[in-house]
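Derivation of every value follows stated rules applied to the coordinates shown; laboratory data play no part. This one's a predicted model, so the numbers in the text were calculated from it and none came from an experiment. Here the Cβ positions follow ideal geometry from the backbone for every residue, glycine too, while neighbour counts run over all protein chains shown.
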Amino acid sequence: MEITPWTLQGPRARLDGQHLSLTIHLLRPCDGFGDIRYLGCSLKDVSPLRIFLPPLSETADQEQLAEAYVRGDDLVAAYIETALRPVRPQAYWRAILPSGPAAGVQLILSMQTSLLDSDPGTLTETALPVDEVWHCTNAERGEFRHVRVEPHRPCPLRPDMGTSLCLFRLPGDQFSYAEMLHPSDYVGACLERQPTDQPRLSLRYELFSEHLEKGVIRRVRAQSVFLPRRDDQDLALELLRQLSTAPPPLTA
């Protein structure tokens, strides 16, 4: 029997690792991860890696699955193509559960179409309370800059400003959260302070900026990782380097 950290029950999946557990509702990828526990602590008001696919229809409030299954470290969901959305999304949530304390999920999102031309434009968004935000400006030299995000003033991030890696220090002094894209997939991002009383920020990445042709499959890789606060920049940098040098993913 194959060993997997995922449990799939209907449209809901659960990841159970030594350091990290969370849930994903496959019909609502726009909700991101839920019920997150990291190093024995429940993380409240943290919504990582929400996926906003092209609209399924003008009225649908949830997705329709073509298939869903688990295989090894992967949770896989394929979604249907419709007249309004002439692309077929497929998501692999790949567990990142190393022996060290860092733990998370790599999202491998692919798109294909039956049309000669279509727009697969997609966004991911993470929303979470933070004490500090750091942006990695140079991975080779290990350089970060502290980012201040003012209310009502979105803070754009572009490839000419540095890497895709953003590091968030969560309230308290225990945990941090890092998110990044493979360098070849990074076309831009935006940090924005949400209009609440709490110091809560959102990070949005743009995915699939180019139109998609029939017979072509495009993939992007995003990584969502929880870290202990100590040495969080070094740990996040090492994860970015590993992602940057990893071979293309083997997916069905």
**Item:** Spin-label model distance (nm) - ASP131 vs ARG12, 7 Å beyond Cα toward Cβ
**Value:** 3.3 nm
**Message:** With an 8 Å Cα cut-off and a minimum separation of 6 or more residues, compute the relative contact order for the chain in percent.
**Reply:** 17 percent
**Request:** Tell me the label-point distance for the pair GLU58, ARG229, using the 7 Å Cα-to-Cβ offset, in nm and rounded to one decimal.
**Result:** 5.1 nm
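Rounded to the nearest 20 debye, what is the charge dipole size of region 6-245 about its Cα centre when +1 sits on each Lys and Arg Cβ and -1 on each Asp and Glu Cβ?
220 debye
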**Virtual paramagnetic centre 7 Å along Cα→Cβ of ASP31, amide N under 14 Å, in region 86-109** = none
**Complete:** FRET efficiency for LEU65 and ARG148 from the Cβ-Cβ distance with R0 = 41 Å, rounded to 0.05, comes out at 0.50
**Modelled FRET efficiency - R0 41 Å, ARG141 with ASP45, Cβ distances, 0.05 increments** = 0.75
**Prompt:** To the nearest 10 degrees, how steeply does helix 232-245 sit against the main Cα axis of the chain, on a 0 to 90 scale?
**Reply:** 30 degrees
**Asked** In deg cm²/dmol and to the nearest 500, what is the mean residue ellipticity at 222 nm of the chain if only DSSP H runs of at least 4 residues count, each as -39500 (n - 2.57), divided by the residue total?
**Response** -2000 deg cm²/dmol
**Prompt:** What's the center-to-center distance, using Cα atoms, between region 125-165 and region 222-252 in Å?
**Reply:** 16 Å
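Local charge sum around SER224 (other residues, Cβ-Cβ under 12 Å, Lys/Arg +1, Asp/Glu -1)?
Details: positive: ARG50, ARG94, ARG221; negative: GLU125, GLU179.
Around SER224, the charge tally is +1.
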**Fill in**
In nm, the gap between the two label points placed 7 Å beyond Cα toward Cβ at ARG158 and ASP173 is 3.9 nm
**Request:** Add +1 for every Lys or Arg and -1 for every Asp or Glu among the other residues with Cβ under 10 Å from the Cβ of SER202, and state the total.
**Result:** +2
**Item:** Viscosity 0.890 mPa s, temperature 25 °C, Stokes-Einstein D of region 50-208 from Kirkwood C-alpha radius, µm²/s
**Value:** 140 µm²/s
**Asked** Can you give the net charge of the other residues whose Cβ lies under 9 Å from the Cβ of THR137, counting K and R as +1 and D and E as -1?
**Response** +1
